[in-house]
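Colleague: Before we start, here is the structure in question, set down as structure tokens.
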Amino acid sequence: MIDDTENIFDEHLLHGQQRETDWRFMRMALVEAVAAFDESEVPVGAVIVFQGKVIASAHNQREQLQDPTAHAEMIALTQAAETLGSWRLENCTIYVTLEPCPMCAGAIVQARIPVVVYGAADQKAGAVETLFQLCCDERLNHQCEIRGGVLADESRELLRVFFSRQRALGKK
Ligand code: ZN
């Protein structure tokens, strides 16, 4: 009985520490999202962490690069692979402010990333949990642990302000 109580306590402590860590890195991803916002890009940011260190940090650059693949996650995956000298991003965690789309979720699976932490769910393109579940589909050769909803309100608010500003400017 006492042992059980201690286990429950330890688990709470562990979850508490993990939450703190998730918040810390998600705030960094949000800083990237704000950078995208300032560049009139859809505000989405991503960071990739390896052994407690940020090895990649990027934001959406689709407009600047006129590249449909220039989502925050794609740029961050390339940076991380360059840093590690390997396309296999084992032992890495990706933090992204918005739930990844099918392209990015597919790339995350290709990179063998074990843990995906995202902010706001994406009702229109979310491919991790909302529309598709690409990161945990057992027909594929890799599955990820997923933690969604981390600082989701901050991420959603940034997107909301961005799109209302775009509408005010007469852009889509
Ligand atoms: Zn994407």
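Colleague: May I ask you to list, by number, the DSSP H helices of the chain whose Cα span along the axis is at least 20 Å and whose average Kyte-Doolittle hydropathy reaches -0.5 or more?
Modeller: Both cut-offs are met by 2-38.
Colleague: For the pair LEU140 and MET28, what calculated FRET efficiency results from E = 1/(1 + (r/R0)^6), where r is the Cβ-Cβ distance and R0 = 35 Å, to the nearest 0.05?
Modeller: Computed FRET efficiency for MET28 and LEU140: 0.80.
Colleague: Using Cα-only point scatterers and the Debye equation, what is log10 of I(q)/I(0) for the chain at each q in 0.14, 0.17 Å⁻¹, rounded to two decimals?
Modeller: Here log10 of I(q) over I(0) equals -0.71, -1.00.
Colleague: Separate question: Relative to the Cα centre, what is the charge dipole magnitude of the chain, using +1 at the beta carbon of each Lys and Arg, -1 at the beta carbon of each Asp and Glu, and rounding to the nearest 20 debye? Please list the in-between numbers first.
Modeller: Values: 16 positive and 25 negative charges, 173 e Å.
For this selection, approximately 840 debye.
Colleague: OK, next. Which distance in Å, rounded to a whole number, links the C-alpha centroids of segment 58-117 and segment 25-47?
Modeller: Cα centroid of segment 58-117 versus Cα centroid of segment 25-47: 14 Å apart.
A short reminder: the numbers here are calculations on the coordinates, not readings from a lab. Small disclaimer: the values here were computed from a predicted structure and weren't measured. In this analysis, Cβ positions are derived from the backbone assuming ideal geometry, glycine residues included, and neighbour counts consider all displayed protein chains.
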